[in-house]
1. Which distance in nm do the two modelled labels at GLN261 and LYS290 give, with both placed 7 Å along the Cα-to-Cβ direction?
2. Label-point separation (nm) for LEU112 and HIS31, each offset 7 Å from Cα along Cα-to-Cβ?
3. With the Cα gyration tensor of the chain in hand, convert its eigenvalues to equivalent ellipsoid semi-axes via √(5λ) and list them largest first in whole Å.
4. Count charges around SER228 for me, please; just the other residues with Cβ under 11 Å from its Cβ, Lys/Arg as +1, Asp/Glu as -1.
5. As an exercise, identify the GluC sites (Glu not before Pro) in the stretch 7-104 lying in DSSP coil whose Cβ has no more than 15 other Cβ atoms within 10 Å.
6. Just want the ordering: ILE144, ILE78, ILE20, from fewest to most Cβ atoms lying within 10 Å of their own Cβ.
7. How many angstrom separate the Cα center of the stretch 71-100 from the Cα center of the stretch 232-295?
8. Identify the GluC sites (Glu not before Pro) of the stretch 161-241 meeting these criteria: DSSP loop state and at most 15 other C-beta atoms within 10 Å of the C-beta.
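Taken together, the values in this text are just the output of simple stated rules run on the coordinates, not laboratory data. Given the structure is predicted, the values throughout are model-derived calculations rather than measurements. Counting neighbours? That spans all protein chains shown, and the Cβs are built from the backbone with ideal geometry, glycine included.
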Amino acid sequence: MLSFTTGRRILKEYFVASSIEEALAYLSAHHGEAQLLGGGTHLLPQIQRGEGVAQRLVDVSHIHPMTKISLQDDYLLIGGAVTLEDLLEEELVRQQAPLLLEAVQDMGSPSLRHLATVAGDIVSAEGLSRLSVALVTLEAEAEITNLTGAQWLRLERLFVRRGLSRVDSTAEILTAIRLHPWGAGQGMALEGGQRTRGQAGGTVLLGIALTLDATGEHLAGLVITLSSAETIPQRLGQVEEALEGQTTSEALHELPRLVRQVAQELAIPPQEAASLALRAFRRALEMARKRSLPSQGSR
Ligand SMILES: Cc1cc2nc3c(=O)[nH]c(=O)nc-3n(C[C@H](O)[C@H](O)[C@H](O)COP(=O)(O)OP(=O)(O)OC[C@H]3O[C@@H](n4cnc5c(N)ncnc54)[C@H](O)[C@@H]3O)c2cc1C
């Protein structure tokens, strides 16, 4: 534990927690004065600009169970302190949730990915976070732990508005994320955002996960997540409902019009959203066809 000055604010203490219980006890003992720290890539610059409220920081990036990635009870379980680099290197993620790799490989620099954590990214609630959009598209849930226990919440429910999440990082910890592993007949793709494969990116980000039925002709499931620099990641429930059950060619035909309409209501550039949706849908469809059930054969 040490004290130091960052910008205009004097931090009284930097505490490295070794367990979830220890971190919660520290937050409780310094009610409202202490805040969690993951990799610090978002919070420390904020504090340096004099924007933070915390006088004490609780580093949770070394809590062992929060740094693990595993398969448990039909879920891929990812600890809140797992770094973006860990995600890139973990074989389980490559096999079970390739959309996360697609999300993270273009985020920041290698040194940023080495520090930044999954929980820190979610709690920062940035509209153009590729990781958050990918996790919402994969229907991930977050485990929020406080002194009264732990509960799982759908990830999209954590976002309030750009820069604000429902997780109170002065009192509770985002301890883990869980999602269902990649299944047969499923495809997923992410388009847009800050950077897309070496190109300068736009201001809109869109994720699609689709599931084909046993015939491989109809959409059995569809998730679409849309976000922009000014918003939070949001599921396009109306579009999903309208297209589920349709043939893939009907869905391809209808998708741009429906996405344009909803994007307009959300004040997100409609044309950009529609063309990202088309690109993501085509890629996800191709992936799903390659992974179709053996009885379907390859299409
Ligand atoms: C140069 C640079 C480039 C960047 N590029 C990108 C980019 O390309 N894409 C992108 O999305 N972001 C980018 N960011 C933003 C930032 O790095 C990410 O949002 C990052 O994932 C934050 O993670 P962290 O662990 O560093 O969070 P921290 O800074 O440690 O914390 C962020 C917030 O989360 C809270 N918190 C941390 N851990 C927990 C926990 N376990 N439970 C509850 N609350 C917690 C903190 O209290 C704080 O409010 C960039 C930042 C920098 C400085």
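1. Going from the GLN261 label point to the LYS290 one covers 3.3 nm.
2. 3.8 nm
3. Values: eigenvalues 263, 85, 50 Å².
Values for the chain, descending: 36, 21, 16 Å.
4. Cβ neighbours under 11 Å give a net charge of -2.
5. Values: sites: GLU13, GLU21, GLU22, GLU33, GLU51, GLU85, GLU89, GLU90, GLU91, GLU102; in loops: GLU33, GLU51, GLU90.
Those satisfying the criteria are GLU33, GLU51.
6. ILE20, ILE144, ILE78
7. Using only Cα atoms to place each centre, the spacing works out to 25 Å.
8. Listed in order of number, the matching sites are GLU217, GLU230.
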